[in-house]
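Computed from the coordinates by the stated procedures, all read-outs in this text should not be read as laboratory data. Computed from a predicted model, the values in this text were never measured in an experiment. Every residue, glycine as well, gets a Cβ built from its backbone with ideal geometry; the counts of neighbours run over all protein chains shown.
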């Protein structure tokens, strides 16, 4: 798009704010709006174009006014996307504003999260209690339900937290995965109790991010026919016109990824094409759909439309006045005329009817299929089945020590039969991560009811997809896996798990230089530290069998925060006193002396045995020693002061920690007098025992460090 | 690809290891191999197919034997890719084994880095001194030049470190960017002193990773005609056949991204098609080229070809013997027949001639264009121009304080005229990151000589591209920028900078909750900690003008390690005694008392002023105070014990640090008795001053923490 051309388009568009085709639409078009609408719940009424335009302008001015008042925000997207959003929320989507968590609602994701005011305007206008006009006026203020970017944990009606570009469309893929899975698992030929669409609005930025291609490729592979993405093709990003860096053929790319692709050339005024495109998308049931919708960013603003000035800054008083004049919008700031509310809030009645209809279906299902209904109800309740944790095995020192990735496989396969929501897989490392649930097949086109997911080499997309699977709110407990080092590829998605308060289980194997020959590109060093630093993320590095069981117990129990479990490639012994309960406390004593110890050894995972062996050496030399297993800093930090003093008494300053990772953060536990044996450089390519020796992570090293303190 | 079909193909292929079309090629085809070959340097001789097959089998068995001996590694890719690699290295590429750093060589990147033995086999056979047969026998052992994945800093002839999938193809884009830039900047109609291709072999994994789409989209946008990627389409990844997760049309995707795309259907034996495809790719000068080459992974192995068993595990003695028999390879382990060496090492003569020819061209260029030649020679020497750092401005407390992102803009624009290698840009945040060099235009198709690069919203691809720009080895000093939070999208590329020892400058703005209204998705919390933990990464958070100058000084001077500079959105004062020299020491005293201080305040960046103000409060109350500015932990840790004692005397245990980030790691400096004022939770959406107040990062908070110690 040439900028001169774009500007001309802009001028034309603002010169004719009223749509070309006015009047009531023919009934045929009206029917096409919702071809799968249920028989009972009334389809949305198609309003006159004039009336629709009033609603659309109301959306625009709520956004404009809120951004002006906040003195920051993004008015351009809401102004450009208001028409497609109107068609989605008022004519297409099934939802109940008075019960935003109704299970069978259509899901909506604003992947271009900076356009949050679009979503808040819709929530307000459509009658959600979460966003009042006062909330709109508190846009981007402390403690409001209308933060700068949509946050699922703050605002009922917001399905997922978006903002970092590309995450939302991947979350949408995850929502569609959840729907497809549950539908195939529970629906019967005569009873569709799981049956909804997932809609997503994404922008140029989402499409530039590689993560969106990862998830889109999977969505195409899986043939997720009930996923419909609308691509707001407005040709503007922060640096200016997208032609300075983004000239690929997005539609052709999606077609290559196996999507059904359409183009609505005038997304500003051509409602009929929008309706038809959505109807077509619904009619294609074996492919996800992309509808490229060409819009004018900042539509209606005489001087700023189609420029990056309208992307991320308030219009300002003068331009707002000019826009009001241009769009013939006579209402003052934050005022919405009654006819607009009347139209928009028809969604309340419609939603209640739809939900009532579904409730009836569910009741019929319960009567006819009581066993399946019980499982379904239990699952979507989000409550864990009673006694699930009893499935986890325990070990004694007599049990031959395995690698913790092997114990992880045992735990997964022990939990799979008792946790109906457990579902997940690896980014093409299943044989190394050991993440297959042996009693299930693959989630694939035609076998959506299965629970092993094959993500391919797409770590970032994987993380964002599993976030969506949790946020579907139907009791799915997803896990996903790769080598620990490749968390570097998916860090933003993992942070979104933590921020969004979703209990994803990250199974991360090959957790140190113990990986050996693959070398420094594959050896995590700073990764334990980097996740320990991340808010609301539980980072657990278990030792042997009982602690791996404990790690799983913690991860499954924590449905509001994600857990990353770092697992070894190499074997380790089942030391005495290792326990699942110990993991829940973060750190605990596994070997002790009588009286105050002379020295405390601490260790995690595969190096705990070095701490233990070093303690035995010093014990033989007459020292009083204690060994603390320290699988999880976060959980330890949450313990009482008394418990902490009982594990690490202040009086004992001789402390040695050993871990095949970087030192950062350990000083909090070893103190200024303590020693840390680990690795603060990159690793190298060699067999693991050689690396441990060369980098000094040895029994001798731990013993010497301790002796140096006496 | 159906697995049954694939297996059939496998059987056919191993049944006829000899190629269908034998004999010498017609002279026309021979000429087509290198249409741009120089007149003087002799083109590579095209050997008989029989002879080529002997060379190809030698490559395969070196790889097989080395992996067997190492008891780990990836034989499958070398066995499948040996034919295309032969055509590249023996008939196509221009390089001098005896001078691996010769400036005008063609660059080769093995993006599928796990196939490292392919590259080592080529380096050995083609006469590079870096890889002897003994080195081959030391594959994956401590201190060898043949680590598990190729490492640029260990093995001359390896251009870039690869292993994490998708990075290599993006590095290749960066290499091609560097070539295009230098070519347009220095070449004359009668003198092409910069003129080489960049070749890359990538696999299915590289193509599944989103990062590759990001960089490929840019390569297409930029029209990098001298970038030629060969896609090893072998249909196998670790989880099995790629059809379980990867069924998109890769060729169509690249076409949509603006690439010229071809398909060689039999990459195992059809050398003529390989040659033609490469010739065609070279003939297309305005688009990068993808050549999809369908191969058989583990070609020649009767029982393991076309299975994932051959991907990442040794063939083993029995299957190796069967493969030797199948391919009629009579030579024992690690033995290469003389005729093979003779053919392969013709590259030494050819390379010397090509380099001699280029030397002559350069001499002529120097004579005719002395000024340009001087700049060129200076630039590619990699040495910084004398006195460059004098261009950096200094500030006094009288200078009105700006945001450090604004100071960063000043530094960039001060350095641009004196650093001819400075080149870079932002991931679509130039107006926020303030990263435009005002005297230059955009690097775009037709204006490759310009130095502002527009990366679009593609952080990960950006990072990997700039790594390639450094590794071109021509003195380019790239910087790249985004919001600090979005380092989460590009962490693997940043780690690759650190591991590969390349001095990229990461300009990361909006470095805390000071970002304000955009909310927690945009507010870094754990990011300073996470980069401080990363080996070989300099993490600098400067305060005001002089420290931002110092940060740039450090970043530019460190050509062997990357620097991340965290910069504020909000303004801060130029406190007394802030200095560039102080940054170089990591931490330094900016305010002091006479005698041993009662308390030490520490701070970084935008919070240093809180430390300073708190010190003034306590000073007024009669306490002896010291204030330490602490912009860089890594540099401080490298100082002498005496210097460290002079800044943070052990005797002073009352220490308070303040930083709008997480506490992790600070205990090393504040000790067990110290206090840290910061934020260990996610942020929120509100104006920045409100957030600082609500999260307790205030003057009052710092003062109280200090007073509590008395």
Using only Cα atoms, tell me the angle between helix A:49-70 and the longest principal axis of chain A; keep it within 0 to 90° and round to the nearest 10. 50
For residue A:321, inter-copy label-point distances (7 Å, Cα→Cβ), nm, shortest first, read 9.4
If you take the square roots of the eigenvalues of the alpha-carbon gyration tensor of the protein assembly as shown and sort them as a ≥ b ≥ c, do you get rounded (a/c under 1.5), prolate (a/b over b/c) or oblate? rounded
Average beta carbon contacts from partner chains per residue of A:77-83, 10 Å cutoff: 0
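For chain A, what class follows from the C-alpha gyration tensor (a ≥ b ≥ c being the square roots of its eigenvalues): rounded when a/c is under 1.5, otherwise prolate if a/b is larger than b/c, else oblate?
Prolate, since a/c reaches 1.5 and a/b exceeds b/c.
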Highest average packing first - B:568-575, A:702-709, Cβ atoms within 10 Å: B:568-575, A:702-709
Under the convention of a label 7 Å out along Cα→Cβ, give the distances in nm from residue B:101 to the same position in every other copy, shortest first. 6.3
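Starting with the highest mean, order B:91-99, B:379-387 by the number of other Cβ atoms within 10 Å, averaged over the residues of each peptide.
Details: B:91-99: 21.7, B:379-387: 13.8.
Put in order of decreasing packing, that is B:91-99, B:379-387.
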Estimated 222 nm signal from helices in chain A, with DSSP H stretches of n ≥ 4 weighted -39500 (n - 2.57), rounded to 500: -12000 deg cm²/dmol
Extension gain, residue A:132 back to residue A:593 (0.36 nm per residue minus Cα-Cα distance, nm): 159.7 nm
Between copies, how close do the residue B:643 label points come, placed 7 Å along Cα→Cβ, listed in nm from shortest? 4.3
For segment B:503-522 and segment B:646-710, what is the separation of their C-alpha centers, rounded to whole Å? 20
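Calculate, for residue A:375 and residue A:445, the FRET efficiency according to 1/(1 + (r/R0)^6) with r their C-beta to C-beta distance and R0 25 Å; round to the nearest 0.05. All intermediate terms of the calculation are to be shown ahead of the outcome.
Values: r = 24 Å, r/R0 = 0.95.
About 0.60, to the nearest 0.05.
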Each label sits 7 Å from Cα toward the beta-carbon; between residue A:345 and residue A:710 the label points are separated, in nm, by 7.9
Please work out the Cα center distance from segment B:227-275 to segment A:229-273, rounded to the nearest Å. 26
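Averaging the inverse of every distinct alpha carbon separation and then flipping it gives the Kirkwood radius. What is it for segment B:560-650, in angstrom units?
On the way: mean 1/r = 0.0721 Å⁻¹.
It works out to 13.9 Å.
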What are the extents of the Cα atoms of segment A:47-352 along their three principal axes, in Å, largest first? 56, 46, 39
Assuming 0.36 nm per residue, please report the length gained on full extension of the stretch residue A:190 to residue A:303 beyond their Cα-Cα distance. 35.1 nm
Assuming R0 = 60 Å, can you tell me the calculated FRET efficiency for the pair residue B:694 and residue B:283, based on Cβ-Cβ distance, to the nearest 0.05? 0.45
Average beta carbon contacts from partner chains per residue of B:672-685, 10 Å cutoff: 4
Helix B:116-125 versus the longest principal axis of chain B: what is the Cα-based angle in degrees, 0 to 90, to the nearest 10? 60
I'd like the orientation of helix A:491-500 relative to chain A: the angle between its Cα long axis and the longest Cα principal axis, in ° from 0 to 90, rounded to 10. 80
Per-residue Cβ neighbour rank within 10 angstrom, fewest leading, A:348, A:131: A:348, A:131
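Of all the Cα-Cα pairs you can form in segment A:586-707, what percent are over 23 Å apart?
Values: 1914 of 7381 pairs.
Percent of Cα pairs beyond 23 Å in segment A:586-707: 26.
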Any idea how far the Cα center of segment A:547-607 sits from the one of segment A:329-379, in Å? 47
Just rank A:222, A:142, fewest to most, by other beta-carbon atoms within 10 angstrom. A:142, A:222
Which chain B residue sits with its beta carbon nearest the axis carrying B onto A, and how many Å away is it, rounded to a whole number? B:210, 1
Plugging the Cβ-Cβ distance of residue A:265 and residue A:325 into 1/(1 + (r/R0)^6) at R0 = 25 Å yields, to the nearest 0.05, a FRET efficiency of 0.35
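Need one value for B:485-494: mean number of C-beta atoms belonging to other chains within 10 Å of its residues' C-beta atoms. Provide the component values of the computation, followed by the final result.
Numbers: counts 4, 4, 2, 11, 13, 4, 8, 10, 2, 1.
That works out to 6 on average.
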Treat the count of other C-beta atoms within 10 Å as a stand-in for reagent exposure and order B:144, A:512 from fewest to most. B:144, A:512
Rounded, prolate or oblate: which fits segment A:402-536, taking a ≥ b ≥ c as square roots of the Cα gyration tensor eigenvalues, rounded meaning a/c under 1.5, else prolate when a/b beats b/c? oblate
